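Below is one structure, written out as structure tokens; the observations come after it.
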Amino acid sequence: MKPIIIIPAYQPDNTLLLLLEQLVELTNNKIIVIDDGSDSACQPIFNRADKYSAVHILSHRENQGKGAALRTGFRYILEEEDSCNTVITADADGQHRAEDIAKIIDGCGDHPHHLILGVRQFTGYVPLRSRFGNSLTRYLYNLLFHQNLRDTQTGLRGIPVHTLDALIALRGERYCYELEMLLRLTQLKVPVLEIGISTVYEKNNSSSHFRPLHDSAQIYTTLFRWWLKHR
């Protein structure tokens, strides 16, 4: 079965609809959108998204964070999609273009047992906080865990379904969860394939819900906690 795409969404705008429209035109893959407790003003966005036959909406009554939204998507796939062997995670804020998601779909088809990372090139305009944060996290990850990855914070990933139980068991929240996913898959010795994708920061990345100080501190705490536990 073709990979299923999971897109967590909190307070999305028309950027999500544009991405879904392009994905439906470009691919034949099922798309799971998780409404992570968005307010009622966003309901028309999800209603329009639900009109696509390829799109299935899952909802949280309250905002629980990106980690919880991804776990909801993973559980749904394990319970409802027993013939699926890979899942793709992507963001709803315009950072991931449909053509780049299609690259990851192709990578999953050729390497279904690999973790596929959509690696941003960080060329052209990149907000300073994003460039610095990604560089520091990548440096610390590679230093502590001796694995030379070029983009440890990418949200565009292809993940083998056989690893989902292990990922659901992780308790990280928000953006720490994606880092814990990477650390756990490294621990499980899942081979990694990196595929270059575009670096997109629309409107100075204003639609992102990443909190630079708080979330960065949580990410670095997670890195060192895993290092101390598993070194």
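The values are calculated or read from the model by the stated rules, or taken from the named source; none is laboratory data. Since the structure is predicted, the reported quantities are computational estimates derived from the model, not experimental observations. Virtual Cβ from ideal backbone geometry, glycine too; neighbours counted across all protein chains shown.
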Residues of region 68-89 classified as surrounded by 23 or more Cβ atoms within 10 Å (Cβ to Cβ) and assigned to a loop (DSSP other than H, G, I, E, B), total = 0
By residue number, the members of region 1-25 that are modelled with pLDDT of 95 or more and of a type in the set (A, V, I, L, M, F, W, C) are Ile4, Ile5, Ile6, Ile7, Ala9, Leu16, Leu17, Leu18, Leu19, Leu20, Leu23, Val24
Contact list, first residue from region 55-81 and closer than 22 Å to Leu20 by Cβ and aliphatic (A, V, I, L, M), second anywhere and buried (at least 20 other Cβ atoms within 10 Å of the Cβ) and at pLDDT below 95, beta-carbon distance below 7 Å, six or more apart or interchain, is Leu70/Tyr177
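Determine whether Leu78 is of a type in the set (A, V, I, L, M) and more than 23 Å from Leu182 (Cα to Cα).
On the way: of a type in the set (A, V, I, L, M): yes; more than 23 Å from Leu182 (Cα to Cα): no.
So Leu78 fails the test.
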Inside region 90-99, the number of residues satisfying the requirement of being closer than 19 Å to Gly73 by Cβ and outside any loop (DSSP other than H, G, I, E, B) is 1
From the list Ala166, Ala217, which one is small (Gly, Ala, Ser), surrounded by fewer than 17 Cβ atoms within 10 Å (Cβ to Cβ) and at pLDDT below 85?
-> Ala217
Identify all residues within region 48-67 that are over 17 Å from Ala90 (Cβ atoms) and in a strand (DSSP E or B); write none if there are none.
-> Ser59, His60
Taking the residues in region 28-45 that are at pLDDT 95 or above and part of a loop (DSSP other than H, G, I, E, B) as candidates, determine which candidate is farthest from Asp110 (Cα to Cα).
-> Asp39
